[in-house]
Amino acid sequence: MRWTVLAATAATALVAAGCGGDDGDEAAGDGPRHYLSLGDSLTVGVQPDDNGTLQETRDGYTDVLYRTLYDADSTLQHERMGCGGEDTTSFLEGGEGLCEGEYEGMSQLGAAENFLAENGDRVELITLTIGGNNFTGCVEDLDIDGEDGPTLDVDCVDDGLERIDSELPEIADRLRAAAGEDTQIVGMTYYNPFLAALLLEDEGELEEDVTDEETPEGTAEVEGDLPGGEGVVEYATGVLEEMNESMRSTYADAGIDVADVEVLFDSTDFEVPEASATGMPANVQAVCDWTWMCDTAVGPDIHTNQAGAQEIAGLFEDQLR
């Protein structure tokens with residue numbers, strides 16, 4: 001694939017030089033070195049099985065990334081600390097939900113801080129994927145071949161954005177403090193799975209567009225649910241841009257590198273490429289190719305498929321020092 005040679009070179013450089021600063025080689029002799037992956041369901045490779053039931057796999061982007069790093073250094077260990085369903089609040093505070101009890105009474109961030117305190121300079125790399133589940137429950141009617149398409153609860157979306165703005169900076173700062181200045185941390189932005197709703201257009205099932213007053217800039221004045229179909233796509237695209245820009249800014253302030261998945265997925269490119277064999281816009285094509293959103297046999301499901309996990313892993317690999 002496009003990143004194979006670059007990935008191998010970057011991985012070799014990472015494990016040879018170490019991310020632990022001048023003491024990296026000395027620390028490596030005291031025990032195994034680690035790649036620490038943190039975050040949500042994308043971190044642990046959640047995908048639908050043949051019956052559409054969601055399950056963890058070893059085919060998430062972190063697993064693909066680790067296999068590349070392991071090929072360069074078979075002594076590197078993967079500390080896989082993600083949890084499906086984690087959002088910024090539960091990542092920071094712990095609590096009830098799918099991840100309750102996962103970290104012996106701690107939050108995922110607390111468990112990560114403990115791991116970093118114990119392993120210090122032996123942690124070569126940390127990846128972080130968090131924030132997408134802030135919008136779990138905000139979406140209804142995901143079925144793309146239904147009559148109305150998905151709808152979004154804008155009050156729920158506003159709350160999700162507010163929690164990213166207020167909680168992600170604390171997550172980033174605490175993680176950076178625990179890891180130290182020399183350990184590389186790479187976070188990611190998100191793609192927009194709801195672009196798949198545009199497939200309804202071919203069947204003439206789209207609702208009317210949201211008006212100018214209902215665009216994301218005017219979110220505070222919107223009450224209740226937005227219409228389905230294309231209106232949701234326009235709104236979700238604006239929310240995605242706002243969320244990802246907040247993430248980029250937060251990560252930059254904390255000295256965390258960014259794997260810009262929004263750009264990888266052409267999330268804001270609604271043009272149909274000249275060479276397109278499907279007639280789909282670039283962003284819709286990426287979502288269909290790299291997630292389960294357009295697979296009506298086991299989906300639609302927002303998670304990446306194996307091809308998408310490989311693409312995201314390649315993006316992370318491009319960020320390796």
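Each reported figure results from applying straightforward, stated rules to the coordinates on display, with no laboratory input. Worth saying up front: this structure is predicted, and the values here are computed from it rather than measured. A quick note on method: Cβ atoms are made from the backbone with ideal geometry, for glycine too, and the neighbour counts reach across all protein chains shown.
Subtract the Cα-Cα distance of Y70 and D159 from 0.36 nm times their separation in residues, and report this length gain in nm to one decimal. Could the numbers behind the result be given before it?
On the way: separation 89, 0.36 × 89 = 32.04 nm, distance 3.97 nm.
Computed gain between Y70 and D159 is 28.1 nm.
Counting only the backbone N, which residues of region 159-193 are under 20 Å from the spot 7 Å out from the Cα of M106 toward its beta-carbon?
Taking a point 7 Å out along Cα→Cβ of M106, the residues of region 159-193 whose backbone N falls under 20 Å are 168-186.
Suppose each label sits 7 Å from its Cα in the direction of the beta carbon; what would the L98-V298 distance come out to in nanometres?
Output for this residue pair reads 1.6 nm.
How far, in nm, would the chain grow between D173 and R58 when pulled straight, counting 0.36 nm per residue and subtracting the alpha carbon separation? All intermediate terms of the calculation are to be shown ahead of the outcome.
Values: separation 115, 0.36 × 115 = 41.40 nm, distance 2.91 nm.
Contour length minus the Cα-Cα distance gives 38.5 nm.
Order the peptides 57-63, 189-195, 125-131, 154-160 from the highest to the lowest mean number of other Cβ atoms within 10 Å of their residues. Don't skip to the end; give the middle numbers.
Values: 57-63: 20.9, 189-195: 25.6, 125-131: 27.4, 154-160: 18.3.
Packing order, densest peptide first, comes out as 125-131, 189-195, 57-63, 154-160.
Multiplying the sequence separation of Q306 and S166 by 0.36 nm and subtracting their Cα-Cα distance, what value in nm do you get?
Details: separation 140, 0.36 × 140 = 50.40 nm, distance 3.26 nm.
Roughly 47.1 nm would be gained on extension.
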